1. Of the conditions (1) of a type in the set (Gly, Ala, Ser); (2) at pLDDT 70 or above; (3) farther than 23 Å from Pro592 by Cβ; (4) in a loop (DSSP other than H, G, I, E, B), Ser108 clears all except one; give me its number.
2. Check segment 210-219 and report whether any residue there is assigned to a strand (DSSP E or B), polar (S, T, N, Q), open to solvent by less than 10 Å² (accessible area, probe 1.4 Å) and within 30 Å of Met95 (Cβ to Cβ).
3. Name the single residue, out of those in segment 367-400 being assigned to a helix (DSSP H, G or I) and open to solvent by 10 Å² or more (accessible area, probe 1.4 Å), that is nearest to Thr547 (Cα to Cα).
4. Looking at His126, is it assigned by the TED database to the domain that holds Thr282 and surrounded by fewer than 20 Cβ atoms within 10 Å (Cβ to Cβ)?
5. Checking the conditions here, which among Val167, Val172 is in contact with a helix residue (DSSP H, G or I) (Cβ under 6 Å, 6 or more places away or on another chain), at pLDDT 95 or above and in a loop (DSSP other than H, G, I, E, B)?
6. Can you pull out the residues in segment 179-188 that are under 14 Å from Trp116 (Cα atoms) and buried (at least 19 other Cβ atoms within 10 Å of the Cβ)?
7. For Cys498, which of the numbered conditions (1) over 16 Å from Asn570 (Cβ atoms); (2) at pLDDT 95 or above; (3) open to solvent by less than 20 Å² (accessible area, probe 1.4 Å) fails to hold?
8. Give the residues of segment 86-118 that are closer than 22 Å to Gly156 by Cβ and among the hydrophobic types (A, V, I, L, M, F, W, C), sorted by residue number.
Amino acid sequence: MSLVTLIIIQSPEPASLDKPEKDRPLSTKPTSFYNISTPEVPRGVAQGVSAKSNPSLSGHHGVSYNWTNAMLSWQRTSYHFQPQKNWMNGPLYHMGWYHLFYQYNPDSAVWGNITWGHAVSRDLIHWLYLPFAMVPDRWYDANGVWTGSATILPDGKIVMLYTGDTVDAVQVQNLAYPANLSDPLLLDWVKYPDNPVLIPPIGIAIDEYRDPTTAWLGPDGKWRVTIGSKVNRTGISLVYTTTNFTTFDLLDNYLHEVPDTGMWECVDFYPVAINGSMGLDTSVNGPGIKHLLKASLDDSKVDVYALGIYFANNDTWAPDNPAADVGLGLKYDYGRYYASKTFYDPVKERRVLWGWINETDTEYDDLAKGWASLQTIPRTVLFDNKTGTNILQWPVEEVESLRLNSTDFEGVVVKPGSVVELNIGTATQLDIFADFEIESLGLEETNEANGGCRGGVVDRSSLGPFGLLVIADETLSELTPIYFRPTNTSDGLQTYFCADERRSSRANDVFNQVYGSQVPVLEDEKFSMRVLVDHSIVESFAQGGRTVITSRVYPTEAIYGAARLFLFNNATGVNVKATLKIWQLNSAFIHPFPLDQIDTVKPLQTF
């Protein structure tokens, strides 16, 4: 697939879509990237979507670290979902199975030829690959079957709205639905014959109109769908109403807009209960409910959100705190995390969040190992009624089924400037719970400069940093610190939760940095973290999930049996007492579904 120059067209008229012969499928040409010249812009941008590569790294033009097969093989995760090979939308639950639809390149380990992969699970942990759900075989999705969302109607029908990139590189919204609702695996999907059902409206560029949300039902009996876009530098969320998902009316107002945030993609919008431990269906509204609006910011490649109030009378939303509006305040995840999507699980009455983690090595390395990118462990989402300002994200309870033997450490004292090894054996697949308490030495300072996470683990203060060194080798030549950094400031005690990747690998062609953010630690709380380690991915949750960081690491020494786990305290004025419970985790069972054992009946769902 050749890369073309990106041309942003701000059309004074609606996009013109002259359909080729409607029933004639387009051939999908296999794409070879094994003899590629490095793009001058990140891969994907020329197609009008977010970046799918790191141009600063791709600039090595094939010169990379001397990776061995053993190093590359170690990087593949053991209990996170990823395809069997190559490059890795609308999740749903149906007849006892969780379904994951994901963007996939069947031809190469870099972005391109985007097809919908399909996998199913009974428990969100063990997955079975199914045949592709949809391929780019029509004029309205010839350049890719992109992000979409599923909506389950009251009568049980399933509708899937997805973005297609047309043969002329226009982003349009298309409708698909299962051919057979009585099939628990939803193997066959039908594209609506009169696609597309939505085209870019007046004033919206043809390559800035994508990613329809799950629909919600309004008080007038009409369904609402929102789609991300931008006007100049203002990120916006368009709202449409429909009764049948084939014809739509565009509302005059936006659901919301925020200046200077750029293109919004993968918008998500859903309710959260102010008090309660359960998730809510997307259409729920009323007293005791806030609505979360999330956008993936194309400019900065982060997933941002805000909590606020949805006004159903005019289909607008307003943030509780305008200073922390979408793109100005909170992030889902402060590390490598993007293009997330939630769905409502009706069986366990929970809101489940999926996120995509891309690679931070070079495309050449991805081609060498034969795969790239993966999904986070699914997370539940709840409103944090202690702070009232944020959500709590937490790994789904099913991950606990992978636990093997555990090791407990009680009251381990770590003195200033010291490191303590935790003897647990191999440390590549772990579920770690750690609580920390500060023991004063009378050396604490007040009114210290608050550098947050920027200075990394070497930036010492009287109270921190302290935490864990994961995926570390015995000599500490490679390590990834996950840590707290409390600081006494003129505004009181402020705590940051951070991950420092800068010494995670000796390879020089890996992008690594310091991630993190401030995290509320209430008066009656210890400093607490949970860390999931799975080879090259580390997911870290502070204070019950108030702040989350996902890290990608590519060690060359701290692999297989050489991977170790340590406590550290780099504070200058306090001892740290740590209590931990650590489980070794089994690998998940992820493999192709035995389709030869299936016998399905196929009545057609029609529209």
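1. Status for Ser108: all satisfied but (3).
2. We begin by selecting, within segment 210-219, every residue assigned to a strand (DSSP E or B); these are 210, 216-217.
This time we only want the ones that are polar (S, T, N, Q), so: none.
Checked segment 210-219: no residue is assigned to a strand (DSSP E or B), polar (S, T, N, Q), open to solvent by less than 10 Å² (accessible area, probe 1.4 Å) and within 30 Å of Met95 (Cβ to Cβ).
3. As a first pass, look at segment 367-400 and keep what is assigned to a helix (DSSP H, G or I): 367-369, 397-400.
Okay, now just the ones that are also open to solvent by 10 Å² or more (accessible area, probe 1.4 Å), so 367-369, 397-398, 400.
Details: Leu367: 33, Ala368: 34, Lys369: 32, Glu397: 19, Glu398: 21, Glu400: 21 Å.
So, considering only residues that are assigned to a helix (DSSP H, G or I) and open to solvent by 10 Å² or more (accessible area, probe 1.4 Å), the one nearest to Thr547 (Cα to Cα) is Glu397.
4. Working: assigned by the TED database to the domain that holds Thr282: yes; surrounded by fewer than 20 Cβ atoms within 10 Å (Cβ to Cβ): yes.
Yes, satisfied.
5. Working: Val172 fails: in a loop (DSSP other than H, G, I, E, B).
So the residue among Val167, Val172 that is in contact with a helix residue (DSSP H, G or I) (Cβ under 6 Å, 6 or more places away or on another chain), at pLDDT 95 or above and in a loop (DSSP other than H, G, I, E, B) is Val167.
6. So the first thing to find is which residues in segment 179-188 are under 14 Å from Trp116 (Cα atoms), and the list is 186-188.
The answer is Leu186, Leu187.
7. Cys498 satisfies all of (1) over 16 Å from Asn570 (Cβ atoms); (2) at pLDDT 95 or above; (3) open to solvent by less than 20 Å² (accessible area, probe 1.4 Å) except (1).
8. Leu92, Met95, Trp97, Leu100, Phe101, Trp116
The values are calculated or read from the model by the stated rules, or taken from the named source; none is laboratory data. Here the structure is a predicted model, which means the values were calculated and not measured. So basically every Cβ, Gly included, is an ideal-geometry build from the backbone, and we count neighbours across all protein chains shown. The protein model used for the area step is the full one, side chains on, heavy atoms only, and it has no ligands, DNA or RNA in it. Shrake-Rupley method; radii C 1.70, N 1.55, O 1.52, S 1.80 Å.
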